[in-house]
1. Sorted from largest down, what three extents in whole angstroms do the Cα atoms of region 133-217 have along their principal axes?
2. Looking at region 325-397, what % of the alpha carbon pairs are farther apart than 21 Å?
3. Which angle between 0 and 90 degrees, to the nearest 10, do you get for helix 42-59 versus the longest principal axis of the chain when only C-alpha atoms count?
4. How do the peptides 639-648, 576-585 rank, highest first, by the average count of neighbouring beta carbon atoms within 10 Å per residue?
5. Starting from the exponent 0.38 and prefactor 2.2 Å, build the expected Rg for region 24-228 from its residue count and divide its actual Cα Rg by it.
6. If you project the alpha carbons of region 229-286 onto the principal axes, what extent comes out on each, in Å, largest first?
7. Calculate how steeply helix 345-365 sits against the longest principal axis of the alpha-carbon atoms of the chain, using the helix alpha-carbon long axis, and give the answer as 0 to 90 degrees to the nearest 10.
8. Per the Kirkwood definition applied to all pairs of different Cα atoms, how many angstroms is the hydrodynamic radius of the chain?
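Readers should treat all values here as calculations from the given coordinates under stated rules, not as data from a laboratory. Everything numeric here is computed off the predicted structure, so don't read it as measured data. All Cβ positions, even for glycine, are placed from backbone atoms using ideal geometry, and neighbour counts span all protein chains on display.
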């Protein structure tokens, strides 16, 4: 094995060291800054950010008063912006700052939120950058530094110049972002005013304090003062005060800003110190305002600026945070939130009104929660302000329902527990009556939801009796109807009880323990080899169809397509049912695990339902088989085949829907289900 330590030494025993080679072109190429309306302005914002940091570094606390930043927009012959210049009177590109400029990923401005890669975006979007800076060094002399900045690994700073400027007495640095590249040039906001609004939105936290910096954006025809724009787009300013015990007094300056000045639909409380914004706290969730709202025909966002001696005294040296506990921070923001809610009472009330309507829709669709809601508007106020959609309100109601049921169980335990003595319990009778009433409300609401679901199923079945394709006058298939009543190709061992709706045909069918839907007879009849598939066959469980001294009846249900008119011998529904009976006789019926369900003998009774529309052709078939006795109310026909021990009812689809509605009508009326 090679001795790597020895191998990496020269003849003089000095270790050989290497540096990673920088690749400017590769780094720029890999920047995630695809051409877009937003990305095109990012290099401009980075240059403005540098200018702000520069005037802050030079003037410190007086940067707002003494700093000046000027942005100029250059246009081509088609009046499309192509270049920008950013001028400031900040500290300038002295030796330290120029060294930082030449080193990307530097931590030079880390405390100010900089990441050391902003100027790389200049070369991603623009063909050329020119920088000119006149500044004063520590020796008191003025110097001038200038260069181009281009995308070139070997020489990124051509035409570099540096020297003393004895004539100058002013700091001035100008960054020229020249010639937008293809792809970006067509995605730059055309109006200078739009650029100004975008800039304000990006630097909002710098610009909305009590004193605003002097920033101007102009072109050859127009000039926009940022302070004036903010003033013109600010509405309804109000001042509020609150006090935190053992902390101090605070002021909140409330205001509304036009949508064009706010980058996101966020409503924000800003904490300030010495009239400068330090930190932001979004309050969308706390107010329920998750988008812009209307104020005097303008779409606006809320801004609140919190100030106070306590914040001034506890801001960190870097002025980007506060040296206070989380509890104190939370107490301040919480108190300010409450003041903001009062200020925003009108848009919040509009949300509550809309939410009350949503509450009504939820309890209409899910009546089990109806007992929770005595008044829609009052219940809406109880919900978190940011819970507004039907899904969110349903989730909150389920929590309330859980808590109510838990509370009820505890009260039941306290009243009827083994250690409870009614004679010694204060107001026992009244508590007992209230508890019974409370349980009744909860149970009634649960029943209402159950019945509402049944109503929806009835209406769905009714819809399947119409045309699937109205233009072609094509009716739905029998499978479409079958699926509503029971899933296809399954049995009771494969799905839950609530997944079928056999009650549509006959409520008694819901009590059968084992049934098969559209399955081969040989799958559940152990001695059969038949691949015939009865639509529905039910075995064992219901005592309602059972007569004493006889076997449990087997139920067969056969569906036919609504409005079907033609039946040949192979599709004769009565013959089909009789063939099923013949195949099932003398068979053992087993479940999915092979366990015995029942044995069918010659005397086993069969209850059979034919579900169809009775057309002249079908009526003739029924007469041939002696199934021509009218059911009460003209609901259909019935007959009995003694050799097969088979009772047959022929039910029409519309009659099934009508009967189902009648059976539930009293519930619909009592529970207020329309």
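1. If we take the Cα atoms of region 133-217, the spans are 41, 40, 20 Å.
2. Values: 970 of 2628 pairs.
Considering region 325-397, 37 percent of its Cα-Cα pairs are separated by more than 21 Å.
3. Helix 42-59 sits at roughly 50 degrees to that axis.
4. Working: 639-648: 16.5, 576-585: 19.2.
Order by mean packing, descending: 576-585, 639-648.
5. Ratio of Cα Rg to 2.2 N^0.38 Å: 0.99.
6. Projected onto its principal axes, the Cα set of region 229-286 covers 40, 25, 19 Å.
7. Around 20 degrees separate the two axes.
8. Details: mean 1/r = 0.0295 Å⁻¹.
In the chain this quantity evaluates to 33.9 Å.
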